[in-house]
Amino acid sequence: MGTAFSELKKRLKGIVPVQYCPYTKDRKLNVAGLKKNTQFLVDFAQNGKKDVVIMTNGSTTECYANSLDEQKTVIKTVVDTVSGKVPVVAGVSGAAAERTIELAKYAEEVRVDCAMVALPYYHPAVSKEAMYQYFKAVAEAVNIGIMIYNNPDVSGTLIPPDLMARLSKIENIIAVKDNATNAEAYALKALMIDPEDMVLINGYGEVHYVGSAAYGYRYRGFVNFIGNFAPASSYAVYEAVEAHDFNKALEALRQQMPILSLLGKFNKKRESISIIPEGFRTNYMYMSIGKAAMDLVGLHGGPLRLPMEDLTEEEKQELKTALKEMGVI
């Protein structure tokens, strides 16, 4: 099994589009649309022999809004469509170990490459040891890779570098989607975690990835939403960093400014009632923008389920303009 994990670690790199869950107008699961969206990413990866990992059933996939049966349908649909051509990471997170293990075992059954496990939420882990035991229990229950989702916004907690280094020694905990909030956290993980033990993936997208990659190129890729509808734009950032050309990476980021500017603009129009400190908080307008963008480029997004909010018709027109500026449509 160790050899299999070693091979999987080598493939966990590049852009990692976290998928949207397409719904019909009446907010039913759009399985045909999910297949098309997935095939679009597979074709992008295969046609250019690009480093692409598909992530599904995560927060962006609105897993929390889907029933367990719907989550299973999403996971199996993606795995079957991909058919081994690129790695598939599937979210299996629950509020307690038993629920997480239940879905992780299903992911293993349908041959997911790696199960993504968010930090315990609702009741967060009360200590470092409790957090360690939680992930250890999930990892020991399955024989597939585990990716830790280190995200304070959805859990109220954050795994520090020393605990992450300890977790990396568990054989099948092979990666982290790291939503660290500052440069020091990126640097310490790069220094403390053996690259043979754990693959570091930046969870905050292109902008954070460029900064985290500067620490010895230990962050090997990044989770993003733009890659779902404009993968070439995201891949340009990854290619520039792989070539050790940070000036070129900055120019690739500049091409995304129309979308990034809309994120800030649309978010300011909506008053947040979150008590999570701003530095730890996600701008969830990326979900509204991303789903609308999927529809605009001819893929499948559809509406969001409550409590998420769809763009207004006026905002969709602004988005259409931004996508034209980027050359996406």
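Here are the numbers for the structure shown:
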{"item": "Cβ-Cβ under 7 Å pairs, at least 6 apart or on other chains, the stretch 195-222 side free of Cβ contacts under 8 Å to residues at least 40 places away in the same chain, far side assigned to a helix (DSSP H, G or I) and charged (D, E, K, R)", "result": "Leu200/Lys189"}
{"item": "Positions within the stretch 277-325 being within 20 Å of the chain's Cα centre (by Cα) and among the β-branched types (Val, Ile, Thr), in sequence order", "result": "Thr282, Ile289"}
{"item": "Test: residue in the stretch 201-216 that is open to solvent by 60 Å² or more (accessible area, probe 1.4 Å) and either basic (Lys, Arg) or touching a strand residue (DSSP E or B) at 6+ places or on another chain (Cβ under 6 Å) (or both)", "result": "yes"}
{"item": "Meets criteria (open to solvent by less than 40 Å² (accessible area, probe 1.4 Å), over 19 Å from Ile148 (Cβ atoms), of a type in the set (A, V, I, L, M, F, W, C) and at pLDDT 95 or above) for Leu34", "result": "yes"}
{"item": "Helices (runs of 4 or more DSSP H) (entirely within the stretch 243-329) containing at least 2 residues that are surrounded by fewer than 19 Cβ atoms within 10 Å (Cβ to Cβ) and in contact with a strand residue (DSSP E or B) (Cβ under 8 Å, 6 or more places away or on another chain)", "result": "none"}
{"item": "Cβ pairs under 6 Å, 6+ apart, first in the stretch 1-28 and buried (at least 19 other Cβ atoms within 10 Å of the Cβ), second hydroxyl-bearing (Ser, Thr, Tyr)", "result": "Gly14/Tyr238; Ile15/Ser234; Ile15/Tyr235; Ile15/Tyr238; Val18/Thr60; Gln19/Thr56; Gln19/Thr61; Cys21/Thr61"}
{"item": "Which listed residue is open to solvent by 10 Å² or more (accessible area, probe 1.4 Å) and either hydroxyl-bearing (Ser, Thr, Tyr) or modelled with pLDDT under 95 (or both), from Thr181, Thr100", "result": "Thr181"}
{"item": "Cβ-Cβ under 7 Å pairs, at least 6 apart or on other chains, the stretch 108-131 side among the acidic types (Asp, Glu), far side open to solvent by 40 Å² or more (accessible area, probe 1.4 Å)", "result": "Glu108/Asn143"}
{"item": "Flag for Glu278 being free of Cβ contacts under 8 Å to residues at least 12 places away in the same chain and touching a Ser or Thr at 6+ places or on another chain (Cβ under 9 Å)", "result": "yes"}
{"item": "Subset tally (residues that are over 11 Å from Lys9 (Cβ atoms) and either of a type outside the set (A, V, I, L, M, F, W, C) or not in a loop (DSSP other than H, G, I, E, B) (or both)) for the stretch 184-199", "result": "10"}
{"item": "Residues that are assigned to a helix (DSSP H, G or I) and either crowded, with 21+ Cβ neighbours inside 10 Å or within 16 Å of the chain's Cα centre (by Cα) (or both), drawn from the stretch 217-233", "result": "Ile226, Gly227, Asn228, Pro231, Ser233"}
{"item": "Tally of residues being part of a helix (DSSP H, G or I) and among the hydrophobic types (A, V, I, L, M, F, W, C) across the stretch 150-183", "result": "6"}
{"item": "Scope the stretch 43-83; condition open to solvent by less than 20 Å² (accessible area, probe 1.4 Å), within 21 Å of Arg220 (Cβ to Cβ) and part of a loop (DSSP other than H, G, I, E, B); matching residues", "result": "Val53, Gly58, Thr60"}
{"item": "Filter result for Ala236 (buried (at least 18 other Cβ atoms within 10 Å of the Cβ), small (Gly, Ala, Ser) and either without any contact (Cβ under 8 Å) to a residue 24 or more places away in the chain or in a strand (DSSP E or B) (or both))", "result": "yes"}
{"item": "Residue ID - nearest to Phe5 (Cα to Cα), chosen from residues in the stretch 84-135 that are of a type in the set (Lys, Arg) and within 21 Å of the chain's Cα centre (by Cα)", "result": "Arg111"}
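Table: residues versus (1) part of a helix (DSSP H, G or I); (2) open to solvent by 10 Å² or more (accessible area, probe 1.4 Å); (3) at pLDDT below 95.
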residue	(1), (2), (3)
Lys85	no, yes, no
Tyr106	yes, yes, no
Ala115	no, no, no
Ile148	no, no, no
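The values are calculated or read from the model by the stated rules, or taken from the named source; none is laboratory data. Please read all numbers here as calculations on a predicted model, not as lab measurements. We place every Cβ from the backbone using ideal geometry, glycine too, and count neighbours over all the protein chains shown. What goes into the accessible areas is simple: the full protein's heavy atoms, side chains included, and nothing from ligands, DNA or RNA. Shrake-Rupley method; radii C 1.70, N 1.55, O 1.52, S 1.80 Å.
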